[in-house]
1. Which residues, counting only those in region 393-408, are open to solvent by 10 Å² or more (accessible area, probe 1.4 Å) and small (G, A, S)?
2. Would you be able to say whether some residue in region 231-254 is among the aliphatic types (A, V, I, L, M), under 29 Å from K279 (Cα atoms) and surrounded by fewer than 17 Cβ atoms within 10 Å (Cβ to Cβ)?
3. Name every residue in region 223-259 that is assigned to a strand (DSSP E or B) and under 19 Å from V323 (Cβ atoms), in order of residue number.
4. Can you pull out the residues in region 210-219 that are surrounded by 15 or more Cβ atoms within 10 Å (Cβ to Cβ) and assigned to a helix (DSSP H, G or I)?
5. Kindly indicate whether A156 is closer than 27 Å to F238 by Cβ, modelled with pLDDT under 85 and part of a helix (DSSP H, G or I).
6. Output the residue which, of all residues in region 358-392 that are closer than 20 Å to G343 by Cα and of a type in the set (S, T, Y), is surrounded by the most Cβ atoms within 10 Å (Cβ to Cβ).
7. Check region 412-422 and report whether any residue there is assigned to a loop (DSSP other than H, G, I, E, B), under 26 Å from S480 (Cα atoms) and in contact with a strand residue (DSSP E or B) (Cβ under 8 Å, 6 or more places away or on another chain).
8. Give the number of residues within region 341-354 that are open to solvent by 40 Å² or more (accessible area, probe 1.4 Å) and within 19 Å of L396 (Cα to Cα).
Amino acid sequence: MHFENQPHIPPSTPGGSTASFTSLDIPHHVKKHRGSYNCGRCGLPKKGHVCHLPPTSTTTTTPTQTPTDSSVSVSNSLSRPPPRQQYSNLRRALSFDDSDLRCDSPEVEIDESEMDLFGSGCGKLPVSCMWEIFRRLPPAGLLAAGSVCKGWRETARRLWRAAEELRLRVPPRSQPGFVGSVLQKCPGLSRLNLRLESDLDSTMFACIAFSCPNLEVMEISTSETAVNRITGDELGRFVADKRCLTSLKMEGCSNLGGFVLCSSSLSTLWLSDLYCLSKMVFNCPNLKEISLDFSRQENDSTDLIAMVDGLGRSCPRLQNVHVASVRLSHAAVLALTAANLRGLRMLSLVLGTEITDASVVAISQSYSKLELLDLSGSSISDSGIGMICNVFPGTLSRLLLALCPNITSSGIQFASAQLPLLELMDCGMTICDLSSQYPTSDESGDFELQTTFKNKLHLIYQKLIIKHSRLKKLSLWGCSGLDALYLNCPELIDLNLNSCKNLHPERVLLQCPSLESVHASGCHNLLIEGIQSQVSNNFAAMENQFPNKRLADGSKRVRVPQFLSQQPYDEDKKRRRIASRPCNVLVD
């Protein structure tokens, strides 16, 4: 219904006038905004007619008026609105034409004229609250809210149109047009995050491309049951058509086969589950971050050397490079170093068992300003760690050396001592108990020789001592060959000790006052209890308390001078006890 010519209900409107006004008093042609062709006073046709009767008073309308008088008062007076007029102003309160609202804005600014109350079954709610509630609903909830009433539908429609970021879960066995119907409601969408539980095919991909012309960021993640059927040609056309696309992250790319990506706007590219790619061409001059995660299958025939060589020539502005593949070798590292990427700051080469200390030398000579270095799964030794410490002492802040069997606790301690800017270190599965990993077998006759060789590489039951002033995260997961641990890290907030089975509780000392979480899954109960008792103590308060000693005659106790104390002393914090932060010991 239209209410353009009908005013808001005044508070002084008599209740009797509205009570006698029913739907039978108004003919249906009034809805078309056409007046009567006959005079409302004498009933004669209006054409060429001058009525001789006096005009009817509109200020003394009473409930005893005839239906004819009631119709006259509606057409000539503003004091008798129709009965549904009370909802018109409430619906007008849901108008956001004068407000620039975005779905991801932290605060909402609404004009005072739009601050009317929204009437609902549970009371009255300000329109700003309705907007805040609606913008926190998931897409399915917002669709359901839009079908409640006209006011909610208008609010939902404006919220869809104002949305710039959408996170959508596609349920299993959904129709191909489901994603397209939702995306068409968001013409201003620039960031899209899809969690697929159904297959991704060319139809759904075309719906995304058609419905989001101004897409800048797209992330597609797949569940274990979903299959990504997008080919390399379809991906290349999508990237070429989206001239505003700056970030693309996609999982399950096992059916690409090969691709050619050409884009002048793309700066971030993440592709995972790659397998047997015949060609990989990157024509992206502004690409700054790339992550290529290949399948773990040994029969992968992707030529990584040619890929790395082409990547260095066509993407000169690369800053972050991540490649995970079992086919990574020293030759691929040499091809990467020959690319001469001057802006490279983060390098991650994971699962390359053929990457050795010689590869570390090549990396150190070509890229001396790395801030992150990840060589997890490689075959580097303590000598390689020494070269890393000699080249990157002033830049490296994150070092990840998980699954490196040739690294011992000595190398880890040396890295923590020589890298003052280190904030994150991952040494998971490096100090391992090889006797438990390689059980005895009667089929191999030289088992004793293999065990002796492995024990030479790794001394079981090692101790680890780390003292660092800036380290915030330390991961020692799976270090079953570690039996003693001493940490003096005042900034450490996260410690991972999962599956450290041989770590004795009486040989663990944690002097980490900022510690917030300790992961101890797979550890012995005694170790878990020992860690809980240590983290519950007030180590922070102990920092400002120097030990006391009696004088030679035993007369009184005095504090130990500052130069004899191992802990730093601060005059401003002399009498202040710092409350210990709560620390959680996480056990699955």
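1. Matches in region 393-408: G394, S397.
2. Going residue by residue through region 231-254, those that are among the aliphatic types (A, V, I, L, M) are 235, 239-240, 245, 248, 250.
When the remaining residues are screened for being under 29 Å from K279 (Cα atoms), the result is 235, 239-240, 245, 248, 250.
From the residues that got through so far, the ones that are surrounded by fewer than 17 Cβ atoms within 10 Å (Cβ to Cβ) too are 240.
The answer is yes, given that some residue of region 231-254 is among the aliphatic types (A, V, I, L, M), under 29 Å from K279 (Cα atoms) and surrounded by fewer than 17 Cβ atoms within 10 Å (Cβ to Cβ).
3. First, pick out the residues of region 223-259 that are assigned to a strand (DSSP E or B): 228, 247-250, 259.
Matches in region 223-259: S247, L248, K249, M250, F259.
4. S211
5. No; evaluated as a whole, the condition is false for this residue.
6. Step one: list which residues in region 358-392 are closer than 20 Å to G343 by Cα, which gives 359-375, 388, 391-392.
Then drop every residue that is not of a type in the set (S, T, Y), which leaves 359, 364, 366-368.
Numbers: S359: 26, S364: 18, S366: 19, Y367: 23, S368: 11.
For region 358-392, the residue satisfying everything is S359.
7. Within region 412-422, one or more residues are assigned to a loop (DSSP other than H, G, I, E, B), under 26 Å from S480 (Cα atoms) and in contact with a strand residue (DSSP E or B) (Cβ under 8 Å, 6 or more places away or on another chain).
8. So the count comes out to 3.
The values are calculated or read from the model by the stated rules, or taken from the named source; none is laboratory data. Here the structure is a predicted model, which means the values were calculated and not measured. All Cβ positions, glycine included, derive from the backbone under ideal geometry; neighbour counts span all protein chains shown. Just the protein is used for accessible areas: all its heavy atoms, side chains included, with ligands, DNA and RNA removed. Shrake-Rupley method; radii C 1.70, N 1.55, O 1.52, S 1.80 Å.
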